[in-house]
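Here, each number is a calculation from the coordinates, and none is a lab measurement. Every value quoted in this text rests on a predicted model; they were computed, and no experiment measured them. Cβ sites come from the backbone with ideal geometry, for glycine too, and all protein chains shown count toward neighbours.
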Amino acid sequence: MSASRGQFGSKFGFIMAAAGSAVGLGNIWRFPYVVGQNGGGAFVFVYVLCVILIGLPLIYNEVALGRLTGRNTIGAFKGTGANKFWMITGAVLALCVSFFVLSYYGVIAGWTIGYIVSEFTDFIKNFETFRSAPVYVIPFFGVFMIATIAIVLGGVAGGIEKASKILMPVLFLLVFLVMLRSLTLDGAMEGVKYYLTPDFSKINGSVILSALGQAFFSLSVGWGILITYGSYLPKDQNIVSSGAWIGFMDTAVALLAGLMIFPAVFSFGKNPAEGTALVFQVLPDIFNSMPTGGRIVGASFFLLLCVAALTSSISMIEVPASYLIDEKKWSRKKSAWTVGILAFLVGIPSALSGGASEMFTTMSINLFGVIKTGFLDIMDALFGGLFIVIVALMTCVYTGWIMDINKVAAEIGTGAPGFQKPLIGNLSPLVLWKFFIRFVCPLVIGLVLLSTIGII
Ligand code: PHE
């Protein structure tokens with residue numbers, strides 16, 4: 001690793017930065033709405049399985065690939081001998097995913113800024129009118145992107161690590177508080193039942209694809225982000241325990257977010273399958289229902305949600321930016337501004353797709369039998385769902401079959417002494433991990449993709 005590249009200062013800092021990337025709108029905005037669209041409890045069950053069986057092995061894979069090569073996503077593939085095909089399907093696609101998701105992620109984060117302001121001024125009367133007004137959504141989106149760029153300019157240890165270490169624990173606490181309020185609303189138990197009782201007849205190919213997509217979205221797996229952060233990780237740090245912490249924290253926040261939203265959805269008589277608007281319609285009602293202090297809790301909550309989005313969006317800029325810094329020798333400043341401004345421009349149709357522009361609002365596509373309407377929802381389904389799953393598949397096939405998997409395995413074991421030690425017989429976590437990356441992950445992801453596309 002060259003001396004000029006950034007490095008994380010401590011294990012806690014790395015975990016917080018990676019968890020900061022993982023915990024974001026994906027947990028609090030996306031998870032509940034996807035649960036709602038996929039029938040509730042059964043989805044939650046499949047989701048947790050996806051995290052443990054597919055997500056975790058892939059986290060280890062990405063972080064190790066990054067630390068092994070000490071390079072950004074493109075560099076990591078190049079440095080391990082990838083040919084054009086793997087470069088495009090693994091690395092370039094990952095870069096595109098980060099960039100295009102950032103473009104609409106910033107729009108949603110912009111809404112959270114609107115809600116912070118509204119807790120004091122009441123200028124948002126209802127969500128639909130708010131998001132259809134370009135005079136609100138575009139400037140809020142712009143402010144969020146500038147904040148993202150500003151932190152990325154601060155570099156790795158100074159900007160990203162410092163911000164995450166303080167903000168992540170506070171977010172956790174606030175989610176907990178709002179959850180308690182939601183659980184004590186009238187009729188809350190209906191929501192809990194919907195959320196936690198699995199109806200297995202609801203599981204089909206498209207539910208599993210959504211669960212996989214959501215797991216990768218939420219864990220920040222399949223975007224090159226963990227390759228990039230892994231490249232800033234010192235060799236003596238333990239990838240196995242850090243990865244497990246990241247997966248655990250991310251899943252805990254998502255599961256708590258569900259417990260925060262669904263009791264309120266049922267108590268206020270909202271439709272759980274509402275889609276991308278769900279959380280923004282429900283949360284203000286929870287705050288209004290608080291006997292005292294609703295505004296303060298509401299404002300702090302949206303502030304924290306915005307910050308959680310920031311610790312994620314900075315990592316999305318970091319993927320393309322680190323490529324420009326390492327491979328194209330651009331300055332950090334030029335890279336961050338260029339990526340940030342371009343993502344803002346590409347995000348404008350998403351910002352206008354909440355009613356401001358007829359065309360962007362009503363356009364729709366049929367994605368393997370599921371209709372997605374509106375530019376933002378289409379981007380989310382394609383880049384935030386389908387393409388991440390494809391990149392994740394390519395990455396595990398690449399490490400498992402194309403490059404030397406033993407090198408990656410050895411990298412995971414560096415700093416994690418227990419990884420090579422047998423558990424039973426000669427079955428060690430290392431052997432298990434290799435089996436998952438070579439067989440289980442590609443097979444499951446591949447089959448789910450094929451069945452959703454309708455081939456099997
Ligand atoms: N995991 C983040 C979230 O859940 C999104 C994200 C993905 C951020 C990939 C960075 C990279 O909101």
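Quick check: net charge around G75, other residues with Cβ under 10 Å of its Cβ, Lys/Arg +1 and Asp/Glu -1?
Numbers: positive: R71, K78; negative: D326, E327.
Combined, the nearby Lys, Arg, Asp and Glu give 0.
So what is the calculated 222 nm ellipticity per residue for the chain, using -39500 (n - 2.57) for each DSSP H run with n of 4 or more, over all residues, to the nearest 500 deg cm²/dmol?
Details: 22 runs with 301 residues, N = 456.
For the chain, the value works out to -21000 deg cm²/dmol.
Quick one: angle between helix 388-397 and the longest Cα principal axis of the chain, in degrees between 0 and 90, rounded to 10, please. Here the helix axis deviates by roughly 10 degrees. Across the stretch 306-456, the mean sequence separation of Cα contacts (distance under 8 Å, 6 or more residues apart), normalised by length, yields a relative contact order of 13 percent. Between the residues T251, V44, I227, the greatest Cα displacement towards the positive end of the dipole of the stretch 3-452, with unit charges on the Cβ of Lys, Arg, Asp and Glu, is found for I227.
Electrostatic bookkeeping for A277 treats Lys and Arg as +1 and Asp and Glu as -1; over the other residues with beta carbon under 9 Å from its beta carbon, the sum is -1. Which of T338, V297, S267 sits farthest toward the positive end of the charge dipole of the stretch 3-452, with +1 on the Cβ of Lys and Arg and -1 on the Cβ of Asp and Glu? Value: T338.
Got the relative contact order for the stretch 3-452 handy, in percent, Cα pairs under 8 Å and 6 or more residues apart?
Numbers: 767 pairs, mean separation 149.8, N = 450.
This gives 33 percent for the stretch 3-452.
Between helix 93-121 and the chain there is an angle of about 30 degrees, using the helix long axis and the longest principal axis of the Cα atoms. Net charge dipole, the stretch 275-348: roughly 340 debye, given to the nearest 20, about the Cα centre with Cβ charges of +1 for Lys and Arg and -1 for Asp and Glu. For K235, a cut-off of 20 angstrom between C-alpha atoms picks up these lysines, skipping any fewer than 8 places away in its own chain: K11, K407, K421. Building the convex hull from the alpha-carbon atoms of the chain and averaging its projection over directions returns 20.7 nm². Projecting the Cα atoms of G374, F360, S428 onto the dipole axis of the chain, where Lys and Arg carry +1 and Asp and Glu carry -1 at the beta carbon, places S428 farthest toward the positive end. When +1 charges are put on Lys and Arg Cβ atoms and -1 charges on Asp and Glu Cβ atoms, the dipole computed for the chain relative to its Cα centre reaches about 1140 debye. The local environment of G400, defined by Cβ-Cβ distances under 9 Å, has a net charge of +2 under the rule Lys, Arg +1 and Asp, Glu -1. Angle between the Cα long axis of helix 41-50 and the longest principal axis of the chain, 0 to 90 degrees, nearest 10? Taking Cα atoms only, the helix is inclined about 20 degrees.
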